[in-house]
Structures are given as structure tokens and as C-alpha cells.
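Below: one structure, written as C-alpha cells.
The values are calculated or read from the model by the stated rules, or taken from the named source; none is laboratory data. Model, not experiment: these values are computed from the prediction. A quick note on method: Cβ atoms are made from the backbone with ideal geometry, for glycine too, and the neighbour counts reach across all protein chains shown. Remember, those area values only see protein heavy atoms, side chains included, never the ligands or the DNA or RNA. Shrake-Rupley method; radii C 1.70, N 1.55, O 1.52, S 1.80 Å.
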Amino acid sequence: AAWLAHAAALSRTTATLVILVDTAFGREARVKRDDGPLLSELAVAARDSNAFVALALDDDIAGAEGVNVALARTFQIDYLEPEHLYLVANIYVLRKNAPARDALHEIYLSLRQSVPNFNWSEPRFAALYPVHPLVADTSASVRLYAPAFAFLPFAASAARNAVNRPALSLILLDEVFDHSEEALRRSDDLHDAFRVYDELATKAVARFPAMQRLQVRLVLKSLFVLSLDGRGATARDLCAALLFQDEHSQQAAIERVEETLKRLSELAPQRGLAAHADGEDLRYRFQVSAAADFDAALAASSESPAIDDAAIAALLRTLSNARFEDWPFAADEPYAPHADFEVTWRGSERAGRLTRATSDAAPPSNATGETTRAAAGDAAGDATLKEYEWQLFVRDSNCKVAENIPDAALVAGHDGRADAPLIVLWQPAECYAEELSILRRLVALRTDAALAEFGETARAAANSLAAQAERIWSRLYVDDGHLLVDGESIVFTPEARAAQSFAPMLADALAARFAARFPQHPQFDATPTGAEIALLIDQLFGGGNVADAAVQQLAETFAVPLGLATRRGDIYIPETGDAVLGRPWVREALALVDRAGSRVVPLASVHHILHGPPYGLSRHTQHLVLAALVAQRRIELATATDDRISRRTLGSSIKWDDVAGVCRAAEIHHNAEELTNWARLLTGDASLPSIADAAARDSVRAALSAWLAAWQEETTLKEFDALPDAGLTT
């Protein structure tokens, strides 16, 4: 009542009352929330007042069910995915500077190469370093039995203590065990498991050689943590968890850990460390009573006939979004067969399309390559082509048949046309039996309502299985997957596999194909935007402020690689004369204009030549080339209303959507003899040879340079400007 009165008073002011309802931080046991009706009443009252109410439901709190069902009706529920946790850790808790991230790249590549089953992505590894990614994956299971445990406080504390440790000494599961052991031992569900653990940690470890005992203790602690969700671990899992490696081979490290697990299982009292087959490997686990019942129910549910290949494929399609932040298919949208995408190569965007290559997908309209260009029409009446330079068919794992892949095109890489899109097939590896079991369990958890009755045990298992499924997708598609182009298999390089985004990974994989198709494409250090090109045209070629720092930077980045600008002294200025005309893309554009005579060459025709092999110039860079030719009085731009954009009007921003084509410049071009006569008059040297003779041009240039230097020394213009206005006549 007091709150409602206060809220009513606030509603008459401009202030907003903010109420955050959270659970006490230092709680020792899981919370049994029964205040749903009261909190719902609070939310209803806030609607009619100037107030905001937020309720935090932790992972150890029963959700909006039973007496709390009213919460779902009165609060808007937002779920925080595990990815939010990693983002917060990366930005606020485990921050790194740029040099550190460069070093992490090398560390990551080393671990991927030497540690068996270390299949986390580099973005996840870099975000959580120096904490092992598996610590975050298992934190929900630990919190299930130790409510006071939370990943972020643990990571912050452990990272502070690890500052002076070697770079490869990550914070592992044994430190999680040590940190939470006291709280875990208070859980009634773990009494039997700890009894077995204590027996092994004291008596069994003593039977190993002294040099192995530390390693055995690490195995026991890590296996205990990994058993909290009911799954346990294989020897491969423990190698990855503890960063075990062998200088001879990965298999040797796996066999060493497998032998340790086998001996521990034999020494465990009353089969307390059970081993059961999981595909080709044995999976070991401590018997956790609560988790064991759940695991048995989950295993039975995962064998349901409803979880077929189609269900597994549908799950895998959603996991790519967790691996790549720029994956073009949205996980929360209905199934879509296609998605447009662009990759950057040599500073140029190459437009393409991703197509899901599945046996149940409808054949794409562009399977033959005939409809990969979609007309979007412009003001000039010519089609502005939406071009796909490549098409990537993403095949489902274990998919033997994909009806919508143009098999004939895969053999040649395209449909025979020089400018046809490059056809690429993304072929994933096949699932291991153990991986398939994990995926089936995750599907069962998300579809079998009966498993939800296990409450937090099910939710913790879902978090763990989701993390494992993400790593499975990375192995299938990135680590062991490959691309097929022209019948050739292309594997992803270590740099491509380490990419945080999909665009650079794909660009790296297709770079050699782009280079073969567009060998004369210049190298830009950045990707030009429409605004940058407009500024460059206005200022560099339109007679603006050439010396402006931004213009100079753009000229160096884009105009110089195209041969349209050169350095004179301290600044870049427009290139003139033969240096520009010698560029192949310039010659191609001028050849089109020359063949057309007095007619206008459609802009689409120019684009077809300059965008196709061997140049591959984007529209923005084509605009820069055409503007340079306009500035040299070689061509003019013709608009849809038959107006002309010449050198005189180039300084104003060009609306390229209004440009219909290009044509010859209206100015009269002087021939070589006329220009030679002008050079003789200016220099006063009647003996100058004709510039029609290429060998004589240097001597004419030298004479003109000497004349210009003399003119500047006389300071005629400066003296003229100094004259008073009254002394000037018409």
C-alpha cells in the first residue's frame, strides 16, 4: 500500500521509479519462489504509474510455473543466452589489449594442433582466456549443486591470481573443483560420488608411479566436475579439458589418459566410476544419483524414432549462428533456402548467395545460372543488375542427396559463361557416433516435455549439451569440412578457421578463385563507400580542396591503385596524360566510347566490361574511373534527361542513379601539330620538334618546364595581384 501511494505521487511528477527485484546474493540453497502473485500485483500497479519494475530470475530459481504462472502474464520475459555471459566476460572481466589478442591467435593455433579434441572456436577461446572455455560450459552444472558458485566472480578471481603464470597455463576444471568443493560436499546428491572420489584420491592414486600422481589427481577432479551433468567424459574429453598433449602424437596422449581412467575404474569401490560405450570410445563418470536418473531418461528419449536425420539437420542449421555472428540465416526465423551475402577481397565486395543444399529443399531458381541476375531497374531504363558472383551450397551433414545442387555446374565451377557465378559446395564431415549421440540428446531435451520435470538438472544439461553441439558444428563444417570448386577440394586454412566472422573465412577460402578470375583487379587497403567516392570525385577531380587530409587519404587508398592519382611533392594530384590512358580499364572504357561514335554508351555496358573478368571493378571504383576521364575531357556523362556532365560540372555531386551512360566529350581535342605550335610560341623556341614523335616529347616537356620555372620566378601574377584596383583598366 505504501509503495502504491508513492507510485501514485510519482506519476504526477517527471521522475520515474525503478524497482529491481533480485534474489539475495549469499544464499546457501536453491530458492523456492512463491511470490509470483505479489510480484504480478506489483507489475500491474506499475502499468498505471510512472514506474518500471524488473525481476531477475536466476538459473537456480524455479521459473514461471505453478503459483508463479502469473509472472508470464504480467512480465515480459527476456532470456539471456550463454553468449551474453561470454560477451560480458570479454568486455568487462577478462579484457585484453590488441597485442595480447595477437599473441592469443598463436596460442590458439598451437593448442588446436597439439591438444586432442580441443575444438572450441577462437572467438570463444579469446573471449574467456585465461579461463578454459570448458569452465564456462560446465558452470551451470556446478551451480546446480553449489548455488553460491557463479562463472563471472570465479573467472575474475582466478584471472587475478593467474597474472604471473605461463601463457599456456589456463584456468582449468581442477581449479573449479577446488573453489567449489566445500559447497559441493554439502549437497546430499553428491555424498556417494564424493565417497568414491575420496577413496580414489587417497588409496588409488598412491598405486600410480610418483611422477604420474599429480596428473591422476587432475583427471579425478576434472572428471568429477564433468560428471555433474550425468554425462561424464571420454579420454579425448579429458585431454581437451586438461590440455594434455604428447610430443609424438595426439593418439599417444589419448591412450595415456585412457589407461589412467581404466585403472581408476577398476580400483573404484562398488563400480562407483562406471564406464559405458559411447560410439568408439568409453565414457567414464562418477555416479551422481540425481543426474543418473535424468541421464537414463534422456538416453531413452534420445532413441525416439522422431529424432531422425531431418531433426539432427534442423538442429545443426541453428548452430552456425552461435559460431558466426554474421551468419546470414537467422536462427529464430522460419526456414529460408537462400540468403544474400558479400565477402571482401582486395578491398572489393563480391556479392554472392548462400543456398541450403538439402534433399528436402526446393530447387533454386538460379540452379542453371540463368537467373542469377535480377533486374532492379534504374532511372535510365537500363537494368541495374543484382549480380551473384558466387553461389555457395551448404550441404547438411551426412546428407547423401541434395536435389537442388547443379551437379553439372559443380564439375566446371560455373555454367560455361565467363561471367557466370562461381559454384561452390560446402561439404561437411560426417558425424562421429559420439557426436551424433550428443546432438540427439540435445534435440530430445528441446522437444520432450517430460524431461522438463527434472527442472534445473535438465536446464544445466541443456547448457552443457548446447556448448558441445556448437563445437561439433565447428568440427563438421570448419575444422574437417571443405569446399568443392571445379572438382577440387579446398580446406580452410588455420587463419580461416580462426576467423571470428563468416565473411573473412569465406573470403580467405575463395581468394585464389577470385584472383584467377580477376587477375587485374588492383589491391585496395579498404572497401570504398559511396560517400567516400563522392568526396574524392568532388575534391580530387572536380577542382575542390585537393590538399584536404581526408581527400589525400582517399586518393592514396583508392585513386593511386587505379592509376588515377600520383604524388607530386607532398600531395597526391590527379594523374594526367599517357599514364592514365595506359591503364587497361581506362582503355576498355574509351574503346566502348570510340566504337559508339556520337551515340551514348549505356552505363550497363560499361559496367559489364569493367565488372567482368579480368578486372572485377565494383560500381564505386567504376565511378571513380569514369570521373577521372570526365576530368580529362575524354568523355562526358549523359543523364536520363539528355543532360551532360562535363569537367565544368564535375565538382557538384553526381547522382549516379540519374546517369544513363557515357559519350564523347563535346570539347574539341587539339591535334599534335596544334599543341606543338603552342609549345613553340610559349617557349619562344621555333625549333622544337613535333610531339607526334614519341621520342621528341621529353625535349618538349623539358622546354615547357624551363619556361614555367622562368614564369614563376618573374612573379608576374603576384605583382599583378598587388596592383591597386584603380590602376586596372578593362
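Of note:
- Kirkwood's formula applied to the C-alpha pairs of the range 573-636 gives a hydrodynamic radius of 12.0 angstrom.
- Put simply, the range 187-334 fits an ellipsoid with semi-axes of 33, 21, 14 Å; these come from the alpha carbon gyration tensor as the roots of five times its eigenvalues, largest first.
- Contact order relative to length of the chain, as percent, for alpha carbon pairs under 8 angstrom and 6 or more apart: 9
- Taking a ≥ b ≥ c as the square roots of the eigenvalues of the alpha-carbon gyration tensor, the range 195-277 is classed oblate because a/c is 1.5 or more while a/b is no larger than b/c.
- Annotation: per residue accessible area for the range 527-619 equals 43 Å², rounded to a whole number [probe 1.4 Å, protein chains only].
- Relative packing of 93-105, 212-224, which averages over residues the other C-beta atoms within 10 Å, highest first: 212-224, 93-105
- Here the chain has 54 percent of its accessible surface on carbon and sulfur atoms, given a 1.4 Å probe and all protein chains in place.
- Overall form of the range 134-173 per C-alpha gyration tensor (a/c, 1.5; a/b vs b/c): prolate
- The reciprocal of the average 1/r between distinct C-alpha atoms defines the Kirkwood hydrodynamic radius, which for the range 608-674 equals 12.9 Å.
- Relative packing of peptides 700-711, 528-539 - highest average C-beta neighbours within 10 Å first: 528-539, 700-711
- Gyration tensor verdict on the range 655-730 (Cα atoms; rounded if a/c is under 1.5, prolate if a/b is larger than b/c, oblate otherwise): oblate
- For the chain, taking the reciprocal of the average inverse distance between every pair of different Cα atoms yields a Kirkwood hydrodynamic radius of 31.6 Å.
- Computed helical MRE - 222 nm, the chain, DSSP H runs ≥ 4 contributing -39500 (n - 2.57), nearest 500: -13500 deg cm²/dmol
- Packing, taken as the mean count of other beta carbons within 10 Å per residue, orders the peptides 343-355, 715-727 from highest to lowest as 343-355, 715-727.
- 25 °C / 0.890 mPa s Stokes-Einstein diffusion coefficient of the range 89-210, Kirkwood radius on C-alpha pairs, µm²/s: 152
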